[in-house]
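Below: one structure, written as structure tokens.
The values are calculated or read from the model by the stated rules, or taken from the named source; none is laboratory data. Everything numeric in this text was worked out from a predicted model, so none of it was measured. We work out accessible area using only protein heavy atoms, side chains counted, and drop any ligands, DNA or RNA first. Shrake-Rupley method; radii C 1.70, N 1.55, O 1.52, S 1.80 Å.
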Amino acid sequence: MDYTLFTAAVVLLTSGLCAGQSVLPPGPLTGAIGGRVKFTTTLSPPAKPFVSVSWTFNRVNIITSTTVNITNADHKERISLDRTTGSLELWNLGLRDQGEYRVSIIPDGALELQGATTLDVYVLLSAATITSPPATLIAGISSTNLTCEAAGNISSIQWIKDGLPLSPSNNITFSADNRTVYLSPVQVIDNGEYECLVSNRVSNWTASHNLTVNFGPQNISIDGPSAASTGRRVTLSCSADSIPPATFTWMFNRTEMGVNNTLYVIERMEALHIGNYTCTATNNITGLKDSVVYKLRASSAAPIWSFALMVTSVLAVGLLQL
């Protein structure tokens, strides 16, 4: 029996490795420019030191370690070899370090062990931004786009709106590389904060952009008592959904009242205040306006004499206008 081969077979079996099995985990490994990476073998320190450990990069020798170390000049100041396991650490990475790495290990009294893997080197992402053409956007009319950019190798881009993933819809489409979102035409619901999350294997970055879509006025309404008693203070409040905020004007029975804010205040309710109050909301950007009419009545809880006085006053005012 050839005891040398027998011993080699025992070493391989007890180490859990078979001839030809790789001693490196499957790749690729990843690293960042300026960073470091470690090629860790699956081997445990043997009872006796390895006879030799040799690493190559793209078939060019990096280091061969026997009784002495012979190191490639380009790697001499930036590699470290763990002689007990054959693992190799490489730092100050550059794009030139991308490629295939192979290791060859000869144990004492055993067959050669080999392994191969690859390394991908990425530029760290930075300075991510979202750009959009400068324009005043009006709902249902204007169109725009948002483009995500970043310095470095971008592997993936994810779009977020108001904290939720942004998906295609009737008016939203994405470019083939996912860098640009097209909104045509913009809608009211497109208002909000947009984020793009860019990433690669070694870094990620987030950029944000607030999109303003001008719309309205719409959903205009007046809030106030439907009826009021004589002598009471009455406040009518007008509101409307609008970007930018709408401006307001008031009319009473078709007469401009010179009130230009959301509130119309009657300090002391009288009969002459009964009638129709019209609030008009105007958006100076969209050029749109909308109105609503509110009918104020006398309170049924008012004393009969008070209500009669209010009716008489209204009639008197009417006769004076004839």
Could you name the lysines in cross-link range of Lys161, using Cα to Cα under 30 Å and dropping any fewer than eight places away on the same chain?
Lys289
Rounded to the nearest 10 degrees, the helix 304-321 long axis (Cα) sits at an angle to the longest Cα principal axis of the chain of 80 degrees
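Calculate, in nm to one decimal, what Glu270 and Asn69 gain on full extension: separation in residues at 0.36 nm each, minus their alpha carbon distance.
Between Glu270 and Asn69, full extension yields 61.8 nm more.
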All aspartates and glutamates inside 14 Å of Lys295 as judged from Cα atoms, apart from same-chain residues fewer than 8 positions distant:
Asp223
So, taking all protein chains as they sit and a 1.4 Å probe, how much accessible area belongs to Lys289, in Å² rounded to tens?
140 Å²
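Find the Rg to Rh ratio for the chain, where Rh is the Kirkwood radius over alpha-carbon pairs and Rg uses the same atoms.
Working: Rg = 39.8 Å, Rh = 27.5 Å.
So for the chain, dividing Rg by the Kirkwood Rh gives 1.45.
Based only on Cα atoms, what mean projected area does the convex hull of segment 213-283 have, in nm²? Intermediate results must be reported in sequence, preceding the final value.
Working: hull surface 18.3 nm².
That works out to 4.6 nm², a quarter of the Cα hull's surface.
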If I fit a long axis through the Cα atoms of helix 3-14 and take the longest principal axis of the Cα atoms of the chain, what angle between them do I get, 0 to 90°, rounded to 10?
20 degrees
Sequence neighbours fewer than 8 away in the same chain don't count; with that in mind, list the lysines whose C-alpha is under 25 Å from Lys48.
Lys38
